[in-house]
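These notes are about the structure you will find just below.
The values are calculated or read from the model by the stated rules, or taken from the named source; none is laboratory data. Being a predicted model, the structure only gives us computed values, none of them experimental. Counting neighbours? That spans all protein chains shown, and the Cβs are built from the backbone with ideal geometry, glycine included. Quick note on the areas: whole protein, heavy atoms, side chains included, nothing else; ligands and nucleic acids left out. Shrake-Rupley method; radii C 1.70, N 1.55, O 1.52, S 1.80 Å.
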Amino acid sequence: MTDARTDDVVADIDEHTVTDAVIASFAGTSDARLREVLGALVRGLHTAIREVEPTLPEWEHAIDFLTRTGQTCDDVRQEFVLLSDVLGVSSLVENINHRKAGGATEATVLGPFHMTTSPPRRNGESIDEVGGSEPCVVTGRVLSVSGEPVPGAEVDVWQADDHGFYDVQQPDVQPAGNGRGLFTTDGEGRFWFRTTVPAHYPIPTDGPVGELLAATARPPYRPAHIHFIADAPGHVPVTTHIFVEGSPYLDADAVFAVKRSLVRDFAPVDDAEQAARFGTVNPFRLAVIDLVVEPTGTPSS
Ligand SMILES: [Fe+2]
């Protein structure tokens, strides 16, 4: 039954008023940040919906896509991180959060393969437990932006093997922890380890994100790289990659993570004495990688 009073107090919710009504519904949210996030999210989503005016089957398809993205996630597979990566959201969030003071190593995406804890290893140890085709030594320092070395910094490392696969993708082929290591810098801020030169690789294409890439004719490849997180006492941790100079796809990374400052030469070395010093075979490839971190409390630039 309708009465006059209902007409007075109940506003029609239509396509013009629904956005404000939803945002107003968050007015009682005591967490101001949550209120801000939800408001911005609703505004952005509604803007996109108004722009494309999806049919109901199209909206059901979108819900199904997100449902399957979630269902594809498990202990070692993170399809939502992958979706965030291929849409450039991970890159955008990293860039916003790392407006570094001059001189700090640029940050880039975490990626979907930091799923397990890296095994602690001693400097000089090999993270290649399988025996890859291109022996490689990686050496570097963790430095503060002032140039001072930082002793006792943790350097978390993970990489694909020389066929482009991470250990978690090949549990029957690679031992858990292959291609991973957690190192601690010595008294002079140095870290060093042996490995194999990683290969470029396709991100997993057998899930919903693969469908998205196929539908948009986008190649799924990432240029060869090693992931690093440098976490130094009194400094802001930096999550980054070092890319292999000359790798295919440096100009077409599927997850928009390449920065020129992060590309390094993995130089061929033919020097038996140096090889012996690093405990590797001769010849080998050598990458020198300094990771520069900013002290906590540095104003953003
Ligand atoms: Fe990676």
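Atom-type composition of the exposed protein surface of the chain places 56 percent of the accessible area on carbon and sulfur (1.4 angstrom probe). Amide H to amide H, with H built 1.01 Å from N, SER126 comes under 5 Å of ARG194, counting only residues 5 or more places away or on other chains.
The sum of -39500 (n - 2.57) across all DSSP H runs of n ≥ 4, divided by the residue count of the chain, sets its helix-only mean residue ellipticity at 222 nm to -8500 deg cm²/dmol.
Using r as the Cβ-Cβ distance of SER261 and VAL281, and R0 as 41 Å, what FRET efficiency do you calculate, to the nearest 0.05? Given R0 = 41 Å and the Cβ-Cβ separation, E is 0.85.
Computed extension length for ASP12-MET115: 32.3 nm, one decimal, from 0.36 nm per residue of separation with the Cα-Cα distance subtracted. Taking each residue as 0.36 nm, the span from THR296 to GLN169 lengthens on full extension beyond its C-alpha to C-alpha distance by 42.1 nm. Take the alpha-carbon centre of segment 163-220, take the same for segment 84-154, and report the distance between them in whole Å. Answer, in whole Å: 13. Measuring nothing but how far apart in sequence close Cα pairs (under 8 Å, 6+ apart) lie, relative to its length, the chain scores a relative contact order of 20 percent. Model label points for GLU245 and ILE49, set 7 angstrom from Cα along the Cα-to-Cβ axis, are 5.2 nm apart. Residues in segment 108-231 average 40 Å² of solvent-accessible surface per residue, probe 1.4 Å, ligands and nucleic acids excluded. Using the 1.4 Å probe convention, the accessible area of segment 234-289 works out to 49 Å² per residue with neighbouring protein chains retained. Over the heavy atoms of THR116, what accessible area does a 1.4 Å probe trace out, to the nearest 10 Å²? In the full protein context, THR116 sits at about 50 Å². Net charge in the neighbourhood of ASN282 (other residues with Cβ under 10 Å of its Cβ; Lys, Arg +1, Asp, Glu -1) is -3. For LEU291, nonlocal amide neighbours, meaning residues 5 or more places apart or on other chains whose placed amide H falls under 5 Å from its own, are ARG141, VAL142, LEU143.
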